[in-house]
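The values are calculated or read from the model by the stated rules, or taken from the named source; none is laboratory data. Just so we're clear, the structure is a prediction, and the values are computed from it rather than from any experiment. FYI the Cβ positions are ideal-geometry reconstructions off the backbone, even for glycines, and counts take in every protein chain you see. Keep in mind that these areas ignore ligands, DNA and RNA; they rest on the heavy atoms of the full protein, side chains included. Shrake-Rupley method; radii C 1.70, N 1.55, O 1.52, S 1.80 Å.
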Amino acid sequence: MEQAAAARVATDVVERPVHRARLVGYASGNFGKNVLASTMDFFLLFVLTERWGVSPAAAGLVVMVGLVWDGLCDPLLGRLVDRSADRLGLYRRLLFVGAPVVGVFFAVFFVDPGWRGTAILVWALAIVLLFRTAYSVCDVAHNALMMRMARSPGAATTVSGLRYMFSCLGALTVAHFARTFVDPARAAGGHALFVVTGCAALTYVATLWVSAAAAPRVRVVPEISAPVPRSPGFSATGRCCCCSRLASRRR
């Protein structure tokens, strides 16, 4: 009985039930992520072709390169993050530091620098790649935190449902403000677009910070070596006790 208890303590982690408010706080990060991701997916091509005069072929190339780069970043970043000894702390730090960087690149993209031709194409490609890289860092960290939040089948179902709900709310929010991106009357001044994209970036930062703050602190119990089990009548070396006594007397 004691040996089994010692073996369990060697690998157990001190876990406390995650409060429902923390689950909601963590899942809220999907709202900010979906606001930015949906905006880029829906309006990137439109902004490049209709507002900046980029040819459809070149604009499609920018979108394709960004998506391919995003697909390459995710597994590479996940592999790098997994090498950390303090993964939980690293996830939180990435969210606190990376979220503002993502918000800045997102807002900067929709600011028209006034360039056209090759210059605006290079500018758009650079900003898209920087945004996709920073977004992947935060996305990997946020998704990895779900392991810490869902410690039981019931909690996993709750977190998944909450994340999906916040993602849908984010998509609906983008649809509500779609006119700001496509209405020529509003695009002329640019003030409404600046306000909307700025608010979207701030929302992303706020929700990702709430997610990082909602992640529980996990303390790992120091490893304790369990005693070596042995059968009655045998010593720790595996020899019969009688043989051990005879050997000691001969010495």
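So residue 166 clears everything in (1) open to solvent by 30 Å² or more (accessible area, probe 1.4 Å); (2) over 26 Å from residue 74 (Cβ atoms) except one condition, right? Which one?
(2)
Mind listing whichever residues of region 106-125 are aliphatic (A, V, I, L, M) and in contact (Cβ under 8 Å) with a residue 24 or more places away in the chain?
Passing the criteria: 107, 111, 120, 121, 124, 125.
Check region 43-66 and report whether any residue there is modelled with pLDDT of 90 or more, closer than 20 Å to residue 167 by Cα and under 22 Å from the mean Cα position of the chain (by Cα).
Within region 43-66, none of the residues are modelled with pLDDT of 90 or more, closer than 20 Å to residue 167 by Cα and under 22 Å from the mean Cα position of the chain (by Cα).
For region 66-82, indicate whether the set of residues that are in a helix (DSSP H, G or I), touching a residue at least 40 places away in the same chain (Cβ under 8 Å) and of a type in the set (Asp, Glu) is non-empty.
For region 66-82, residues in a helix (DSSP H, G or I), touching a residue at least 40 places away in the same chain (Cβ under 8 Å) and of a type in the set (Asp, Glu): present.
Restricting region 115-154 to residues that are within 18 Å of the chain's Cα centre (by Cα) and over 28 Å from residue 44 (Cα atoms), which is most open to solvent (accessible area, probe 1.4 Å)?
147
Residue pairs, Cβ under 6 Å, 6 or more apart or interchain, first in region 156-172 and without any contact (Cβ under 8 Å) to a residue 60 or more places away in the chain, second among the polar types (S, T, N, Q). List them.
none
Looking at region 105-114 only, could you name the residues that are assigned to a helix (DSSP H, G or I) and open to solvent by 40 Å² or more (accessible area, probe 1.4 Å)?
Selection gives 105, 108.
Is at least one residue of region 72-94 under 26 Å from residue 123 (Cα atoms), of a type outside the set (A, V, I, L, M, F, W, C) and modelled with pLDDT of 90 or more?
For region 72-94, residues under 26 Å from residue 123 (Cα atoms), of a type outside the set (A, V, I, L, M, F, W, C) and modelled with pLDDT of 90 or more: absent.
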